[in-house]
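Student: Sharing a structure here in C-alpha cells format.
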Amino acid sequence: MRIQVDKDQCVGAGLCALLAPGVFTQDEDGLSEVLPGRENGAGDPQVPNAARGCPVQAITLIEFPH
C-alpha cells in the first residue's frame, strides 16, 4: 500500500496523526503529512481508519496487487 496526502485538500484537522501517530504527523503549517519512510503504512492497522476518518478525504491509500 502507498499513502498519499493531498496538501491542497488537507485542512489540518489532525485526526490521522491522532489515529496513526507512527505514520502521520503535521508539518509547520499544521497540514498532515506522512512521516519519512512510512509511505507504505508499515502494517499500521490504524492507517485505513485514519484515511476514512479524514473530514475532507485528503488521504488516499493505493493498494498494490499481490
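No value in this document is a laboratory result; all are computed from the given coordinates. Keep in mind the model is a prediction, meaning the values are calculated, not measured. Note that each Cβ is placed from the backbone with ideal geometry, even for glycine, and that neighbours are counted across all protein chains shown.
Student: Kindly list the number of the only condition in (1) in a loop (DSSP other than H, G, I, E, B); (2) in contact with a Cys (Cβ under 6 Å, 6 or more places away or on another chain) that fails for residue 65.
Tutor: Unmet condition: (2).
Student: Further, regarding this structure: Condition first: at positive phi and among the small types (Gly, Ala, Ser). Now tell me which residues in the stretch 28-64 satisfy that.
Tutor: So in the stretch 28-64, the residues at positive phi come out as 30, 37, 41-43, 57.
Scanning the stretch 28-64 gives 30, 37, 41, 42, 43.
Student: Another question about this same structure. Go through (1) in a strand (DSSP E or B); (2) loosely packed, with under 15 Cβ neighbours inside 10 Å for residue 3 and report which single condition fails.
Tutor: (2)
Student: Return the pair list, or none, for Cβ contacts closer than 9 Å from residues in the stretch 36-54 that are within 13 Å of residue 21 (Cα to Cα) to residues that are acidic (Asp, Glu) and buried (at least 17 other Cβ atoms within 10 Å of the Cβ), at least 6 apart or on different chains.
Tutor: From the stretch 36-54, the pairs are 38/44; 50/44.
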